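For reference, the structure discussed in these notes is given below.
The values are calculated or read from the model by the stated rules, or taken from the named source; none is laboratory data. Here the structure is a predicted model, which is why all the values come from computation and not from measurement. Quick reminder, even Gly has a Cβ in these numbers, built from the backbone with ideal geometry, and neighbours come from all protein chains shown.
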Amino acid sequence: MAQVLCHLPKIRNEKLIVGLHTSDDAAVYQLNDETAIIQTLDFFTPVVDDPYMYGQIAAANSLSDVYAMGGEPIMAMNIVCFPTCLPMDLLTAILKGGADKVAEAGALLVGGHSVDDNEPKYGLSVTGLVHPLKVVSNAGAKPGDLLILTKPLGTGILNTALKAEMLDRDQVNDLMNTMAALNKEAAKAMQQIGANACTDITGFGFIGHAYEMAKASGVTLAIESGKIPVMKGAAEYAEMGLVPAGTYANKKYIRDKIKYSPSLSPVLEDLLFDPQTSGGLLISVNKEKAQDLLDLLEGSLDLPFAIVGEAVEKKQWDIIIG
């Protein structure tokens, strides 16, 4: 995808606060001294069989890009690809799931567009608002910052196990709830404290998105792999070989940008590159503010979160995994 995007014209405009050049989560355009709009879109094929839950997860994933920029979503539109050969009540359930998640975010769902396609796909185009001086991009990490991850890893591996019908009911519920959880409260806490940089963790995996932050910020991110929160059962299924193909593509993409610890286990390496669906935020925050942010997250998040590393001065490697 990067090879395709590099051929697009470089857009330079004094009102465009965030564009293509940092591989950020969304674009940000300044309207006036007090307001900037955030614009993003995302959609994907079903990751679960339940159409209502699929709609919830896809919507949460789309909304996450606004949260990662420090913004508040205000409006969304459906993006729908759906085969006419399937029952329309399935589409109704997908759209209901998305609508309920948009309402939970406090935004308005105002329509959308649909096309006939061989495979269902669903997501949202989302518009958000943020103060121009409070935009949080992936390009602001500073040496000495601590890195906080707000959701555990493992959704890609667990989804692979789910397709193989290997998850028990509790694991299924945990997986669904994790993917459908909004990053709303984490974004609020981040804005209240004042983070330097942020990205959400999705298809490129934890290390892929951390690399984009490191590159955009001109720093190296030192990751403490032993502190990464991991979903229950994910390591065991990875050890069994239930690893999505995207994991290997993610490794190949940035393998020469990373220094690995000799003690890093293959299973943990797979988890670090596991493509996430609607993952958490990776927040880079000044060390002196980190505990205040953790305290706010403790009072608002139901999922595991942790300090997982530190930004340091740029070295030979973009990522150092310890």
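Please work out which residue is surrounded by the most Cβ atoms within 10 Å (Cβ to Cβ), limiting yourself to segment 309-322 and to residues that are of a type in the set (D, E, K, R) and either in contact with a Pro (Cβ under 8 Å, 6 or more places away or on another chain) or part of a strand (DSSP E or B) (or both).
As a first pass, look at segment 309-322 and keep what is of a type in the set (D, E, K, R): 310, 313-315, 318.
Narrowing the set further to residues that are either in contact with a Pro (Cβ under 8 Å, 6 or more places away or on another chain) or part of a strand (DSSP E or B) (or both) leaves 310, 313.
On the way: E310: 21, E313: 10.
Checked segment 309-322; the qualifying residue surrounded by the most Cβ atoms within 10 Å (Cβ to Cβ) is E310.
Mind listing whichever residues of segment 24-58 are in contact (Cβ under 8 Å) with a residue 24 or more places away in the chain and among the acidic types (D, E)?
D24, D25, D33, E34, D42, D50
Tally time: how many residues in segment 136-151 are within 16 Å of V230 (Cα to Cα) and in a loop (DSSP other than H, G, I, E, B)?
Final tally of qualifying residues: 2.
Of everything in segment 152-192 that's aliphatic (A, V, I, L, M) and assigned to a loop (DSSP other than H, G, I, E, B), which residue is nearest to N286 (Cα to Cα)? Let's see the steps before the verdict.
Quick first cut of segment 152-192, residues aliphatic (A, V, I, L, M) only: 153, 157-158, 161-162, 164, 166-167, 172, 175-176, 179-182, 186-187, 189-190.
Checking which are assigned to a loop (DSSP other than H, G, I, E, B) leaves us with 164, 166-167, 181-182.
Details: A164: 43, M166: 42, L167: 39, A181: 26, L182: 24 Å.
Only one residue tops the list, namely L182.
Just to be sure, is S125 outside any helix (DSSP H, G or I), modelled with pLDDT under 95 and either of a type in the set (S, T, N, Q) or under 28 Å from T220 (Cα atoms) (or both)? Spell out how you get there, then give the answer.
Details: outside any helix (DSSP H, G or I): yes; modelled with pLDDT under 95: no; either of a type in the set (S, T, N, Q) or under 28 Å from T220 (Cα atoms) (or both): yes.
Criteria not met by S125.
Hey, which of the strands (runs of 3 or more DSSP E) in segment 212-308, taking only ones fully inside, have at least 2 residues that are touching a residue at least 60 places away in the same chain (Cβ under 8 Å) and surrounded by 19 or more Cβ atoms within 10 Å (Cβ to Cβ)? Lay out the reasoning, then the answer.
Values: elements: 220-223, 258-260, 281-285.
Passing ranges, in order: 220-223, 281-285.
I need the full set of residues from segment 68-109 which are in a helix (DSSP H, G or I), buried (at least 20 other Cβ atoms within 10 Å of the Cβ) and in contact with a Gly (Cβ under 8 Å, 6 or more places away or on another chain), in order please. Can you show your working first?
First, the residues of segment 68-109 that are in a helix (DSSP H, G or I): 68, 88-104.
If we keep only those that are buried (at least 20 other Cβ atoms within 10 Å of the Cβ) too, we end up with 68, 94-95, 97-98, 101-102.
Scanning segment 68-109 gives I94, L95, G97, G98, K101.
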